[in-house]
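A quick write-up on the structure given underneath.
The values are calculated or read from the model by the stated rules, or taken from the named source; none is laboratory data. If you're wondering where the values come from, they're calculated on a predicted model, not measured in any experiment. Quick reminder, even Gly has a Cβ in these numbers, built from the backbone with ideal geometry, and neighbours come from all protein chains shown.
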Amino acid sequence: MKKTARSTSNDLPASDVGEFHPLVTDFRLESYTDLLGSHHALKAARRISGVSKITGLTEAKRLIRETLSSPAQIDELIARLHPTELLLLQELRRHGGLVNAWELFTFARLRELPLPRQNLSLTASYLFKNYQPAQWEAATLVWSLLADGLLFPSNVPNPWLYGGYSYYGRTEWRLGSAPPQTVLADPRLLARLPDDARPAAPLPPPTKAKATTSSLPVTLARLQLLEIVRAVQSIGGVGLTKAGQPAKNDLKRLLRELGGLTEPETWLGLAMLLGLLIPDGKGERLVPLKMGVETLRSFPTYALQAGLDSALPSLDTPEDTEFEAVNPYTVRACLLALLNEWDRPVRESDLRAQLEKILPSQVRAFGVEMLGGSKITAKRDAAWKGWLSGTLRGLFTLLGKVTVEGEGTDKVIIPHRLTLDATDSDTPSASGPAWVLQPNFELLVYPAQLTEQQLPVLAAAEAVRFDAQTAVYRLTRSSVYAALEQGLALPALLAGLEAGSATPLSPAMRRSIEDWAARRDRLVLHQGATLLEYPTREKRDAALQRGGRAIGETYLLLDAGKKPPVGVTILNYAAAPKQVLKFSASGEFILASPLDLLGRALLAGRVKRVGGNKYRFLPPVGETYPSGLLGDVEARTAGKLPEEVRLQLGIWTGRTPAPALSTVTLFQHPQVSALARLPRLQGLLGTALGAELYTVPSGKETELHSALSELGIQTSAQFRTPKDADADLKVINDTRKKREYLEGLIGAGENVRLRYYEEKRGNDWYGTVVRGRLRVANFRPLKIDRTGSTPYLEAKFLEGGEEERIRIGYIVALGAL
Amino acid sequence: SEVTAHRPVSLLEVQDAADLDVLLLDSKLAPHLLTRLSPTVALLAKDSEKAVLDALRKAGHTPKVVET
């Protein structure tokens, strides 16, 4: 990104606009002063405009706008920048105006740039309305530019802010689609920065290892991402939990499908981060984004590596947990930035030593859970080394970022960093075979030879394994089916397989693939079809001359993309149907006008005529009715569906369980649960139906009778169904109405039976009150306590005499005694 | 008009009528197949496409999905 001349116009010159990230191109600092808050906006305005006395937010906004719209004033601002600020902004511009802030941090620390001057107290708590500057080592490198509006964060809060005293008033926001922890700057400022050369960074001691510009690791990463997408497609998407995480059962199915990938969960996370897998319209399933997959196939290798780099710090690794890493994201981001800076082989020990210099001690925190003692520092140091070693050999190798070579003290990390020039020479030649077809339906793939056009063909096979130089795929019935469903035509698949192979497609393999495709044609699901219905077969047959296919006696299936002829009546099933069913209270119905096709099909065989034009639903024979029948009938019903029909259809469709009816023996006693615990009565009492009522298992009645007699307890057949039976209790949901009901009882001097939850103090930090045990008891209500926001009933427990406070909101049901 | 266009509707079409006979006996599928429009074509209940596809694939079929 070289600039040769400065514009004198107020707006950005067209050539400059194209150099910036799209989010940066549209960014204007004065539009974000509300997010800064008054104090912060005033500080930024003073710094940017050079005006020391600014009275309010409106003036601050105006001064920022005027300064950044004036090339001359921007040049004055640039002249006032601290050398470190200038270098950081120039580095930001090299990244298109948007960069992970840890890259800037690494850039400055590696070069040991002095901290910018800043006149803001560390205790000032007005940055982005409520925050103080972060106080960890060298945080000033970034926050001082944020404080003056020279940089702007993609998200608040972030590591450069401290919000300890602003917990209750803290603001949180994210800037559009910008990745977290990135920063940007006003493009009008960036566009006028001088074109100084990038200051050189100290280099690591040389090694004997050779640098590599091979695109093979990134190609392998591309194939593995495509494999994840294929597998997700193959299982019909991955269900999501309410929290948006992949559901466990679907994840297990997916992992079974992904036998060829090592660390499939990492690839899944990466595919999600890169937007290749997105939630469907309802947010219920994770599905491939078709456009994303096409982009992944066609993206230049160097650009793909940039995408992998941007996602890499955010991926969880087993090492993070194993070595108790506190800030794994940050350390990975700085490690990545350092590898990109050096771009040459480096001894692992030198890399670690440099990282230790760059990373603030507060950030490089590993093994935090380890107990104290004299050797704790050594243990934590070992945890840090273990984490770094594991990360380099794990995630960074997996994603094709580095290769680790050598043993012992000679271990060398070889970064893979591609440039546009490097990958140009790396483009595979179309002459070499991309794979070898083997008789067992396997393809031995040479990733280095794969062309973009061959990737859709390869999507018809599932990966078996990936090696350093090759990969093995296998054609299966389901993988070929999935590819055909994605739009790959059978002739293109057969021709593509043969064209890419060093060996011909054997007749047996060809025949199998053709058989699989033919099996697919045996069952066709037409979605979104238009069906024309004619009054007679003759008229339908006559219409066939204009296209379409005959279905049954009177239907015609329109060809894809064809519109119904002008003048036909159109019934749109995406809209609510006509309400033509009129039910009587007894459950019979008449048709006020003809039913639509789906309605007719729904009722066919499921209703009987009961005289005149009246119909009644029939119970199903054997299987249940379609689960959507109740909803479909309701949608076509004028007025309300009678309760009887709703109940019938609910049971017949399996939406509600069938009622249970059986002869049972009941056992009632106020202390039945205590009786049930007696060893002598073990197994003789069944299900608890209430606080006093149990069932007796069938056939155990005599045994129970004898056991009770042995205890000297006589039974009677008289069940208490007194006034205090719980069935009589009123269920009132509204707390205000419950209170009014209780006030009425207090006024009338009546006692009350309550079913309510006791209050229970939670185990959390704040001792939050939650619902406890459900209790049923009789009380004399005394008064309602409305002093707080939560109303309570103060009442005397009739059995014990003690006074209790009962939260009215926790009363489930109540009734006068 | 004496002609009615029903849309959008979903249909399941088989090559061999005997296949549809078998599918209609499948307890997972039958509730979604509202009616047989012809020996080889069944009309699907509204919004049941996914359930039908899942049931077919689970049963080892490889149905072709056509957007028309």
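Brief remarks follow.
- Sub-6 Å Cβ pairs linking a first residue in segment A:375-392 that is within 18 Å of A:GLN354 (Cα to Cα) to a second residue that is part of a helix (DSSP H, G or I) and at pLDDT 85 or above, at least 6 apart or interchain, are A:TRP387/A:GLU319; A:LEU388/A:ARG352; A:GLY390/A:GLU319; A:THR391/A:GLU319, ordered by first then second residue.
- Residues in segment A:443-461 that are touching a Leu at 6+ places or on another chain (Cβ under 8 Å) and more than 14 Å from every other protein chain (Cβ to nearest Cβ): A:LEU443, A:VAL445, A:PRO447, A:ALA448, A:LEU450, A:LEU455, A:PRO456, A:VAL457, A:LEU458, A:ALA459, A:ALA461.
- Inspection of segment A:99-106 identifies no residue that is surrounded by fewer than 19 Cβ atoms within 10 Å (Cβ to Cβ) and assigned to a helix (DSSP H, G or I).
- Exactly one residue among A:ALA550, A:ALA560, A:ALA542 is facing chain B (nearest Cβ under 9 Å), outside any loop (DSSP other than H, G, I, E, B) and closer than 20 Å to B:HIS6 by Cα, and that residue is A:ALA550.
- Residue pairs meeting the criteria (Cβ under 6 Å; at least 6 apart or on separate chains; first within 17 Å of B:GLU67 (Cβ to Cβ), in segment B:6-27; second assigned to a helix (DSSP H, G or I)): B:HIS6/A:LEU597; B:SER10/B:GLU49
- Of residues in segment A:181-196 being part of a loop (DSSP other than H, G, I, E, B) and not charged (D, E, K, R), the one nearest to A:HIS21 (Cα to Cα): A:ALA185
- Selected residue (criterion: farthest from the chain's Cα centre (by Cα)) from residues of segment A:590-612 that are assigned to a helix (DSSP H, G or I) and either touching a residue at least 60 places away in the same chain (Cβ under 8 Å) or buried (at least 18 other Cβ atoms within 10 Å of the Cβ) (or both): A:LEU603
- For segment A:563-585, filtered to residues that are free of Cβ contacts under 8 Å to residues at least 12 places away in the same chain and assigned to a strand (DSSP E or B), the residue that is farthest from the other protein chains (Cβ to nearest Cβ) is A:ASN572.
- Residue satisfying condition, being of a type outside the set (Lys, Arg) and either without any contact (Cβ under 8 Å) to a residue 12 or more places away in the chain or surrounded by fewer than 14 Cβ atoms within 10 Å (Cβ to Cβ) (or both), within set A:GLN233, A:GLN245, A:GLN224, A:GLN181: A:GLN245
- Filter result for A:GLU743 (under 27 Å from A:ILE808 (Cα atoms) and in contact with a His (Cβ under 9 Å, 6 or more places away or on another chain)): no
- Out of A:LEU286, A:LEU258, sole residue that is buried (at least 17 other Cβ atoms within 10 Å of the Cβ) and at pLDDT below 90: A:LEU258
- Odd one out for A:VAL776 among (1) under 16 Å from A:GLU750 (Cβ atoms); (2) touching an Asp or Glu at 6+ places or on another chain (Cβ under 7 Å); (3) among the hydrophobic types (A, V, I, L, M, F, W, C): (1)
For (1) modelled with pLDDT of 95 or more; (2) crowded, with 19+ Cβ neighbours inside 10 Å; (3) outside any helix (DSSP H, G or I), each residue gets a yes or a no:
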{"residue": "A:ALA44", "(1), (2), (3)": "yes, yes, no"}
{"residue": "A:ILE48", "(1), (2), (3)": "yes, yes, no"}
{"residue": "A:LYS53", "(1), (2), (3)": "no, no, yes"}
{"residue": "A:THR67", "(1), (2), (3)": "yes, yes, no"}
{"residue": "A:GLN73", "(1), (2), (3)": "yes, no, no"}
{"residue": "A:ALA79", "(1), (2), (3)": "yes, no, no"}
{"residue": "A:LEU86", "(1), (2), (3)": "yes, no, no"}
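- Any chance A:GLU112 is closer than 18 Å to A:VAL363 by Cβ and among the acidic types (Asp, Glu): yes
- Restricting A:LEU649, A:LEU629, A:LEU666 to those that are among the hydrophobic types (A, V, I, L, M, F, W, C), within 14 Å of chain B (Cβ to nearest Cβ) and more than 25 Å from B:THR4 (Cβ to Cβ) reduces the list to A:LEU649.
- Selection over segment B:20-68 of residues that are more than 7 Å from chain A (Cβ to nearest Cβ) and touching a Lys or Arg at 6+ places or on another chain (Cβ under 9 Å) gives a count of 8.
- Taken over segment A:599-626, the residue count meeting the criterion of being among the basic types (Lys, Arg), touching a strand residue (DSSP E or B) at 6+ places or on another chain (Cβ under 7 Å) and within 14 Å of chain B (Cβ to nearest Cβ) is 1.
- Filtering segment B:15-51 to residues that are in contact with a Pro (Cβ under 8 Å, 6 or more places away or on another chain) and crowded, with 18+ Cβ neighbours inside 10 Å leaves B:LEU20, B:PRO31, B:HIS32, B:LEU34, B:ALA45, B:SER48.
- For A:TYR573, the test of being at pLDDT 95 or above, among the aromatic types (Phe, Trp, Tyr) and within 30 Å of A:ALA638 (Cβ to Cβ) is failed.
- In segment A:379-410, residue modelled with the lowest pLDDT [restricted to those that are surrounded by fewer than 18 Cβ atoms within 10 Å (Cβ to Cβ) and touching a helix residue (DSSP H, G or I) at 6+ places or on another chain (Cβ under 6 Å)]: A:VAL404
- Single residue of segment A:524-539 satisfying the filter (at the interface with chain B (Cβ under 8 Å from one of its Cβ atoms) and out of contact with any strand residue (DSSP E or B) (no Cβ under 8 Å at 6 or more places or on another chain)) that is surrounded by the fewest Cβ atoms within 10 Å (Cβ to Cβ): A:PRO535
- A:SER512 being out of contact with any strand residue (DSSP E or B) (no Cβ under 7 Å at 6 or more places or on another chain), more than 8 Å from chain B (Cβ to nearest Cβ), closer than 29 Å to A:GLN453 by Cβ and of a type in the set (S, T, N, Q): yes
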